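Structure, as structure tokens:
Nothing in this text is a laboratory measurement; each read-out follows from the coordinates by a stated rule. Note that the coordinates shown come from a computational prediction; the quantities given were computed from them, not determined experimentally. Note: ideal-geometry Cβ built from the backbone for every residue, glycine included; neighbour counts use all protein chains shown.
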Amino acid sequence: MAENVLKRLKEAVLNYDVEGAVAVAKEVIETGFDPLIAIEQGLGEGLSIVGAKFEAEEIFLPELMIAAQAMKESLATLEPALAKGKSRKVLGKVIIGTVEGDIHDIGKSIVATMLTVNGFEVHDLGCDTPTSKFVEKAKEVKPDIIGMSALLTTTMVKMAEVINALKKVGLRGQVKVIVGGAPVSAAWAEEIEADAYAEDAMACVDVAKKLLSK
Ligand code: B12
């Protein structure tokens, strides 16, 4: 049964079947299947195969966009179920956004949701977020953590720009910075003097908790 659901979610994304993906997502909710596993091992795997096909020029942007839409619409069905049974105690404040020039927001939004359901107060700045917006929001909200996402090698540099801008206004010492996204690595985090890198949404929750307990 479990394998079947994961296989069908993956295939719906691979077949650009938005309605089909949403229908299986609803089934996940009805049967009480773990929504995080459905997101990561079903939808996510489908989308990463689509990404590889795009890179190999076997498919083009319109197909990529429909596959992403299938993932996004299914997520809207699955995300409310992630929150069930979690504590509401606020562990810390987080500002998160995808950096300027980058419109990929699926992974960032999953990270934001997992932080929220695990007790963080999350301010999601969305995608294509100018450096100045990260700084302004940091001044306003006084977060414990700033999370930045980048999916393009060309936009990763914006993470360093945000860190430098925080230094300039004297806020760098007051926040922890976590970076993530497919092209980002622990080595990159170190290079730009971020506090941490996390590979996926659950790892980000663990890293965020560890950083705040230091
Ligand atoms: C879906 C997708 C799109 C969708 C995005 C829709 C949306 N609303 O997000 C659309 C179709 C719009 C798109 C557009 C483009 N895309 Co695109 N896209 C993808 C694809 C297939 C999947 C990304 C995704 O959503 N994955 C699923 C999520 C769940 O995974 P994730 O994003 O990696 O997030 C996880 C972790 O990385 C981590 N994480 C993410 N953010 C953060 C943040 C923090 C703080 C932390 C701790 C962790 C973390 O946790 C997440 C959950 O586990 C990737 C291929 C790939 N394998 O990554 C290409 C890919 C990223 N795209 C690519 C390209 C080139 C483009 C375009 C330039 C194409 C074009 N010619 O126009 C444009 C970019 C436009 C722009 N300015 O941003 C390339 C990038 C190449 C590179 N290295 O720079 C990739 C790698 C495809 C490829 N193989 O060629 N894309």
Exercise. Quick one: angle between helix 44-55 and the longest Cα principal axis of the chain, in degrees between 0 and 90, rounded to 10, please.
Key: 80
Self-check item: Taking 149, 185 and counting other C-beta atoms within 10 Å, the order from fewest to most
Solution: 185, 149
Quiz item: Of all the Cα-Cα pairs you can form in the stretch 92-213, what percent are over 21 Å apart?
Solution: 25
Self-check item: Scattering curve values for the stretch 50-101, log₁₀ I(q)/I(0), Debye with Cα scatterers, q = 0.14 Å⁻¹
Solution: -0.66
Quiz item: Taking a spot 7 Å from the Cα of residue 182 along the direction of its beta carbon, which residues of the stretch 65-80 have an amide N less than 16 Å from it?
Solution: 65-72
Self-check item: Helix-only [θ]222 nm of the chain, DSSP H runs n ≥ 4, -39500 (n - 2.57) each, per residue, nearest 500
Solution: -17000 deg cm²/dmol
Practice problem: Using only Cα atoms, find the angle between the long axis of helix 18-31 and the longest principal axis of the chain, and express it within 0 to 90 degrees, rounded to the nearest 10. | Solution: 90
Quiz item: Can you put 37, 192, 145 in order, fewest other beta carbons within 10 Å first?
Solution: 37, 192, 145
Practice problem: Starting with the fewest neighbours, write out 142, 108 ranked by other beta-carbon atoms found within 10 Å of each beta-carbon. | Solution: 142, 108
Quiz item: What is the ratio of the Cα radius of gyration of the chain to 2.2 N^0.38 Å, where N is its residue count, to two decimals?
Solution: 1.04
Quiz item: Just 33, 60, 120 to compare: in a GNM of the chain, with alpha carbon springs under 10 Å, which one fluctuates most?
Solution: 60
Quiz prompt | Among the listed pairs 53/209; 7/209; 89/139; 7/108; 137/214, those beyond 26 Å (Cα-Cα) | solution = 53/209; 7/209
Quiz item: Suppose every K and R has +1 on its Cβ and every D and E has -1 on its Cβ; what is the size of the dipole of the chain about the Cα centre, in Debye to the nearest 20?
Solution: 1200
Self-check item: Cβ-Cβ FRET estimate between residue 191 and residue 30, R0 fixed at 45 Å, reported to 0.05
Solution: 0.45
Practice problem: On a 0 to 90° scale, report how tilted helix 106-117 is relative to the longest principal axis of the chain, with both axes built from alpha carbons and the result rounded to the nearest 10. | Solution: 70
